[in-house]
Amino acid sequence: MRIHRHRNRKPKFDIPQFRVNKKITSPEVRVVLDGENRVLKTEEAIALAEEQGLDLIEVSPKANPPVCKIMDFGSFKYQKEKEAKKQRATAKEIEIKGIRLSMRIGQNDFDVRLKQAKKFLEKGQKLRLELILRGREKAHRARANEVFNQFTEALKLDYDIRVESPTKSLGNRMQTIISRVS
């Protein structure tokens, strides 16, 4: 099974949608003006905003009555996009890398996969160890667990590792997820 990297879309940080002017549906709103709060009818608040050449923006729709601000919507939206971009830049994405083992794995193949696993753990990534059981191997799941244990023990010699999810059997596939303890 090939892992398709282009299918793993990065999560986008959503910019919240704000109601502006006529899209505000509640009959009354709390307007923040120069540090003071005033409860006004929505039509009055919109008229007040248009008088100043600005927009009425619903900032907190869940409050009772909803909280609104009078300001330019373009600059407000730009600020929110900038905040989302900054949040995206500071978010650390942890990728799960897959390593496939087999029940009849040779020592050299085992060492190559161990070396690859160490490289992934160095980068701070998680590992998904996977073992596919074929034919009569399905009757010997205990041997498959031994291969997993042998691999994790070899990793424990160099790193403090944590088993994030214990070994699970999914049909003919067994898998476990491990990560490095920071």
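Those residues that are in a helix (DSSP H, G or I) and surrounded by 12 or more Cβ atoms within 10 Å (Cβ to Cβ), I need them from region 150-170; list them, please. Passing the criteria: GLN150, PHE151, THR152, ALA154, LEU155. With respect to ILE94, is the statement that it is at pLDDT 85 or above and either touching a helix residue (DSSP H, G or I) at 6+ places or on another chain (Cβ under 8 Å) or not basic (Lys, Arg) (or both) true? No; evaluated as a whole, the condition is false for this residue.
The values are calculated or read from the model by the stated rules, or taken from the named source; none is laboratory data. Computed from a predicted structure; not experimentally measured. Here Cβ is always computed from backbone atoms with ideal geometry, including for glycine, and neighbour counts include all displayed protein chains.
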